Amino acid sequence: MPMTAAKPPLQLNDQGQLRHFLSLDGLSRDLLNEILDTADSFLEVGARAVKKVPLLRGKTVCNVFFENSTRTRTTFELAAKRLSADVITLNVSTSSTSKGETLTDTLRNLEAMAADMFVVRHGDSGAAHFIAEHVCPGVAIINGGDGRHAHPTQGMLDMLTIRRHKGDFDKLSVAIVGDILHSRVARSNMLALKTLGCPDIRVIGPRTLLPVGLEQYGVQVFTDMDQGLAGVDVVIMLRLQRERMQGGLLPSEGEFFRLYGLTPQRLALAHPEAIVMHPGPINRGVEIDSAVADGSQSVILNQVTYGIAIRMAVLSMAMSGQTAQRQTNSESEEQA
Ligand code: NCD
């Protein structure tokens, strides 16, 4: 019987280069390191008087946000502008979908605008994959966060933050704390840490906010915050995602803060040089005390700066992956 070739991974081209960026699932350690190294080189661009390189000159990047966002949307815009692309941003939640247009209709309209790349944020898990599967060839799709599923650029900017502040991953203990159940950031971070070789990944939260199947990520699970924080090098706090909660998953925000809020006393249980991270927006007094958020161990604002460099890296890598694929396709057409 003839063997059928395995379907190639959607987000990679025939040479294994990035052509979409949808999830960290299945991406190799080498590829993640390439993203981090490329972002490192772009950090220097952000420190220049003229913050521009011509890598995406003549290309159009369209940010399509079906869900609210400030940080992610603006840092994607800045990243595309620093790469010299033309950029437009559509906040679709307030436009056509609320008038009944389907995702496919929206997609076809966007394609008609002839953009080279779409950055998509959507409340449904899998939306970016769906668009990448159906968009016309040559157009790159970047996931800016889909439902509870993935937020791969946030995952990578968190990895860049850890690598720049704490060095290699192979000796680190990292704790991810709070509302794991609703967090796409937690999922992307667990995958990235595991792929990059972090030996001690801890997940801390109340039982009602821990999803089933956490074992598959190779993490240790704690419901006691003091135990989970002991000696860690990195504390990643998550926002309590009240907009995604249905029913009584929590007694009250006050109770949550008492048990899982990061206070200076709790932070003292971690390594004395531990860093504190948070993807934002932060809820002061709900998951994090202001004294910690604004304290000397906090790198929360550095994360935002690193986010621009990571997004520049991902946009430029996906664009060159699409170009390489187009060349391969036209060469094989010529031979045929
Ligand atoms: C995160 C998100 O949207 O998933 N925020 C972000 O991208 N800056 C986390 C959150 O909203 O809590």
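What number of residues in the range 113-147 are among the charged types (D, E, K, R) and surrounded by 16 or more Cβ atoms within 10 Å (Cβ to Cβ)? Qualifying residue count, the range 113-147: 3. Mind checking whether some residue in the range 140-154 is farther than 28 Å from residue 199 by Cα, away from the ligand (no atom under 16 Å from the Cβ) and not hydroxyl-bearing (Ser, Thr, Tyr)? Yes, the range 140-154 contains a residue that is farther than 28 Å from residue 199 by Cα, away from the ligand (no atom under 16 Å from the Cβ) and not hydroxyl-bearing (Ser, Thr, Tyr).
Among the residues in the range 175-184, are any over 25 Å from residue 127 (Cα atoms) and without any contact (Cβ under 8 Å) to a residue 12 or more places away in the chain? Checked the range 175-184: no residue is over 25 Å from residue 127 (Cα atoms) and without any contact (Cβ under 8 Å) to a residue 12 or more places away in the chain. Looking across the range 170-193, the residues that are under 16 Å from residue 229 (Cβ atoms) and more than 13 Å from the ligand (Cβ to nearest atom) come down to 172, 173, 174, 175. The number of residues in the range 118-142 that are out of contact with any strand residue (DSSP E or B) (no Cβ under 6 Å at 6 or more places or on another chain) and within 21 Å of residue 279 (Cβ to Cβ) comes to 3. The number of residues in the range 266-282 being surrounded by fewer than 21 Cβ atoms within 10 Å (Cβ to Cβ) and farther than 15 Å from residue 232 by Cβ comes to 3. Residues that are at pLDDT below 95 and either in a helix (DSSP H, G or I) or surrounded by fewer than 14 Cβ atoms within 10 Å (Cβ to Cβ) (or both) do occur in the range 199-207.
Is it the case, given these coordinates, that residue 41 is surrounded by fewer than 16 Cβ atoms within 10 Å (Cβ to Cβ) and either more than 16 Å from the ligand (Cβ to nearest atom) or touching a residue at least 24 places away in the same chain (Cβ under 8 Å) (or both)? Taking the combined requirement at face value, the residue satisfies it. Would you be able to say whether some residue in the range 222-232 is in contact with a His (Cβ under 6 Å, 6 or more places away or on another chain) and more than 12 Å from the ligand (Cβ to nearest atom)? Yes. The residues of the range 219-242 that are at pLDDT below 95 and surrounded by fewer than 14 Cβ atoms within 10 Å (Cβ to Cβ) amount to a single one, 242.
Residues in the range 11-64 that are outside any helix (DSSP H, G or I) and aromatic (Phe, Trp, Tyr): 21 only. Take the conditions (1) closer than 30 Å to residue 269 by Cα; (2) of a type outside the set (S, T, N, Q); (3) not in a loop (DSSP other than H, G, I, E, B); residue 315 misses just one of them, which is (1). Just one of the listed residues (313, 318) is in contact (Cβ under 8 Å) with a residue 40 or more places away in the chain, closer than 19 Å to residue 36 by Cβ, outside the structural domain of residue 163 (by TED's automatic domain parsing) and in contact with a Leu (Cβ under 6 Å, 6 or more places away or on another chain), and it is 318. If I filter the range 287-336 down to residues being among the polar types (S, T, N, Q) and closer than 25 Å to residue 257 by Cα, which single residue comes out as surrounded by the fewest Cβ atoms within 10 Å (Cβ to Cβ)? Looking at residues that are among the polar types (S, T, N, Q) and closer than 25 Å to residue 257 by Cα, I get 296.
If the Cβ limit is 8 Å and pairs must be 6+ apart or interchain, which residue in the range 250-262 that is surrounded by 12 or more Cβ atoms within 10 Å (Cβ to Cβ) pairs with which residue that is part of a helix (DSSP H, G or I) and among the hydroxyl-bearing types (Ser, Thr, Tyr)? Qualifying pairs under 8 Å: 250/208. All of 311, 266, 326 fail the test of being more than 25 Å from the chain's Cα centre (by Cα) and at pLDDT 95 or above, apart from 266.
The values are calculated or read from the model by the stated rules, or taken from the named source; none is laboratory data. This structure is a prediction, so every number in the text was calculated from the model and none was measured. Don't worry about glycine lacking a Cβ; one is built from the backbone with ideal geometry, like all the others, and counts go over all protein chains shown.
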